[in-house]
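Notes follow once the structure below has been shown.
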Amino acid sequence: MKIAVLKEGAGESRVAAIPETVKKFVGLGANVAVEQGAGEEASIRDADFESAGAKVGARTAVLKDADIILCVNGPEASALDGAKKGALLIGALDPVKRGEAIAGYAKSGIEALTMEWMPRITRAQSMDILSSQSNLAGYKAVVDAASTYGRAFPMMMTAAGTVSPAKVFVMGVGVAGLQAIATARRMGAQVSATDVRSATKEQILSLGAKPIFVEGVAGIEGEGQGGYASETSAEYQAAQAELVSGHIAKQDIVITTALIPGRPAPRLISDAQLATMRPGSVIVDLAAEAGGNVEGCVAGETVVRHGVSIVGAVQLARTLAADSSALFARNLANFLTAFWDKESGSLVLPDDDEIVVGVRLTRGGSVVHERLKSAQ
Ligand code: NAD
């Protein structure tokens with residue numbers, strides 16, 4: 001089997017393989033070809049890939065006869081000219097927004113597998129790119145907040161007086177939120193956090209932060225389907241808005257991460273609530289690309305309203321390209337290894353496997369995923 005690793009397009013700093021995963025593939029008996037310069041922005045030189053056993057070359061040579069093509073973002077179908085029919089394209093293909101590109105893969109006979117749709121089951125945890133990238137984004141959100149904030153995070157008792165600790169409030173305690181709590185705690189902040197899923201209360205406490213929860217109105221008991229949240233009732237939303245109003249005026253930093261799959265991000269902070277915060281406070285909105293949790297948030301920009309900076313964070317994992325590439329690459333390698341048939345030295349994807357059903361978008365010239373077929 002030949003595995004090709006693409007160089008990503010402009011704006012993407014990550015790469016879908018690292019020397020460690022190349023070695024793993026070579027150990028499985030595969031030939032690995034990496035496009036020239038693919039690892040440059042993630043601090044991996046072509047020579048590092050070569051030492052791990054890969055051939056480095058131009059795209060045409062890399063794609064020629066490849067059975068598996070690894071990428072971070074899905075390229076246009078036309079950028080895969082020369083790939084053979086039946087080749088598997090594996091990456092974060094963004095099928096919801098890139099319906100036409102997915103249809104293009106089907107047309108050119110490419111079998112597309114999208115890693116964002118990996119089912120959230122224990123067996124697939126090590127293949128979950130959403131978790132690995134969100135974890136780094138949660139960390140970076142706090143680091144970015146700290147660098148925008150004009151005060152220090154930890155309490156400092158100095159001869160010139162005391163610096164009080166920053167108060168950090170994390171809204172949405174999924175993978176990114178948990179890492180944001182842990183990072184802010186390590187930096188010496190006083191941390192509180194909230195979520196609609198009751199199961200997160202224990203997790204917040206175990207990280208040494210204070211849970212701030214709506215009492216008396218049911219949110220989502222337990223974990224929610226696949227661990228995800230769904231829309232809450234109007235009554236809950238009103239109670240949550242009141243709770244936030246009471247809490248937010250005393251906060252210096254807010255990190256918002258709340259997402260509901262398939263829906264716009266829930267609005268958690270209104271302009272009126274923002275106005276109660278102290279000037280110089282900072283909000284980092286990790287839901288910016290999904291419409292934002294904060295009123296007035298602009299994706300990719302920092303907006304100042306009522307003296308509060310609202311950072312519309314976009315793709316923060318890209319700003320930690322070496323680490324995010326390593327985790328992404330290992331997610332892909334774990335997927336390939338799990339379905340590698342050692343006897344035949346090839347990838348075998350059983351049709352009835354929950355993981356395969358979850359990630360497979362196209363097959364034999366057609367779009368086959370239920371979620372895409374029902375959207376057509
Ligand atoms: P996400 O990115 O979809 O959402 C982030 C958080 O926002 C979630 O915790 C969600 O409950 C919360 N949220 C949504 N609406 C909200 C609102 N109105 N107010 C406050 N908070 C709100 O979530 P995620 O990071 O992908 O993780 C969700 C869960 O899935 C976590 O419990 C995680 O541990 C679990 N998970 C399981 C697996 C697995 O078993 N393989 C893998 C990854 C994640």
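The values are calculated or read from the model by the stated rules, or taken from the named source; none is laboratory data. From a predicted model like this one, the values you see are computed outputs, not experimental measurements. In this analysis, Cβ positions are derived from the backbone assuming ideal geometry, glycine residues included, and neighbour counts consider all displayed protein chains. Ligands, DNA and RNA are excluded from the accessible area calculation, which covers all protein heavy atoms including side chains. Shrake-Rupley method; radii C 1.70, N 1.55, O 1.52, S 1.80 Å.
Miscellaneous remarks
- When region 216-228 is filtered for residues that are near the ligand (Cβ under 8 Å from one of its atoms) and either of a type outside the set (Gly, Ala, Ser) or at pLDDT 80 or above (or both), the ones remaining, listed by number, are Ile220, Glu223, Tyr228.
- Residues of region 104-115 satisfying the condition of being open to solvent by less than 40 Å² (accessible area, probe 1.4 Å) and either away from the ligand (no atom under 16 Å from the Cβ) or in a helix (DSSP H, G or I) (or both): Gly104, Tyr105, Ala106, Gly109, Ile110, Glu111, Ala112, Leu113, Met115
- Test result for Met127, crowded, with 20+ Cβ neighbours inside 10 Å, out of contact with any Asp or Glu (no Cβ under 6 Å at 6 or more places or on another chain) and at pLDDT 95 or above: yes
- Filtered residue count, region 129-173, keeping only those that are part of a loop (DSSP other than H, G, I, E, B) and within 15 Å of the ligand (Cβ to nearest atom): 2
- The set of residues from region 44-56 being crowded, with 16+ Cβ neighbours inside 10 Å and either in contact with an Asp or Glu (Cβ under 7 Å, 6 or more places away or on another chain) or hydroxyl-bearing (Ser, Thr, Tyr) (or both) comprises just one member, Val56.
- Of all positions in region 199-213, at least one carries a residue that is more than 26 Å from Val96 (Cβ to Cβ), of a type in the set (D, E, K, R) and within 13 Å of the ligand (Cβ to nearest atom).
- Of all the numbered requirements in (1) within 15 Å of Gln251 (Cβ to Cβ); (2) in a helix (DSSP H, G or I); (3) touching a residue at least 60 places away in the same chain (Cβ under 8 Å); (4) within 16 Å of the ligand (Cβ to nearest atom), Ala176 misses one, and that requirement is (1).
- Evaluation of Val72 against (1) away from the ligand (no atom under 16 Å from the Cβ); (2) of a type in the set (Val, Ile, Thr); (3) open to solvent by 40 Å² or more (accessible area, probe 1.4 Å) (one fails), failing number: (3)
- All positions within region 20-72 that are under 18 Å from Asn331 (Cβ atoms) and among the hydroxyl-bearing types (Ser, Thr, Tyr): Thr21
- Restricting region 3-43 to residues that are assigned to a loop (DSSP other than H, G, I, E, B) and among the hydroxyl-bearing types (Ser, Thr, Tyr), the residue that is surrounded by the most Cβ atoms within 10 Å (Cβ to Cβ) is Ser13.
- Top-ranked residue of region 283-342 - restricted to ones that are open to solvent by 40 Å² or more (accessible area, probe 1.4 Å) and of a type in the set (Asp, Glu), ranked as nearest to Phe25 (Cα to Cα): Asp341
- Selection status of Ser374, among the small types (Gly, Ala, Ser), assigned to a helix (DSSP H, G or I) and out of contact with any Leu (no Cβ under 6 Å at 6 or more places or on another chain): yes
- The residues of region 229-242 include none that are part of a loop (DSSP other than H, G, I, E, B) and modelled with pLDDT of 90 or more.
- Lys97 vs. criteria touching a Phe, Trp or Tyr at 6+ places or on another chain (Cβ under 9 Å), surrounded by fewer than 16 Cβ atoms within 10 Å (Cβ to Cβ) and farther than 20 Å from Pro350 by Cα: no
- Residue that is nearest to Ala239 (Cα to Cα), among those in region 194-206 that are surrounded by fewer than 20 Cβ atoms within 10 Å (Cβ to Cβ) and among the hydrophobic types (A, V, I, L, M, F, W, C): Ala199
- Filter result for Gly226 (exposed (fewer than 15 other Cβ atoms within 10 Å of the Cβ), touching a residue at least 40 places away in the same chain (Cβ under 8 Å) and either part of a loop (DSSP other than H, G, I, E, B) or among the small types (Gly, Ala, Ser) (or both)): yes
- Close pairs (7 angstrom Cβ cut-off, 6 or more residues apart or separate chains): in contact (Cβ under 8 Å) with a residue 60 or more places away in the chain and among the basic types (Lys, Arg) in region 130-142, more than 12 Å from the ligand (Cβ to nearest atom) and open to solvent by 20 Å² or more (accessible area, probe 1.4 Å) anywhere: Lys140/Thr319; Lys140/Leu320
- Applying the criterion of at least 2 residues that are within 16 Å of the ligand (Cβ to nearest atom) and modelled with pLDDT of 95 or more to the strands (runs of 3 or more DSSP E) found wholly in region 247-333 leaves 253-256, 282-285.
- Check on Glu370, modelled with pLDDT under 95, more than 28 Å from Ala234 (Cα to Cα) and either crowded, with 21+ Cβ neighbours inside 10 Å or of a type outside the set (Phe, Trp, Tyr) (or both): yes
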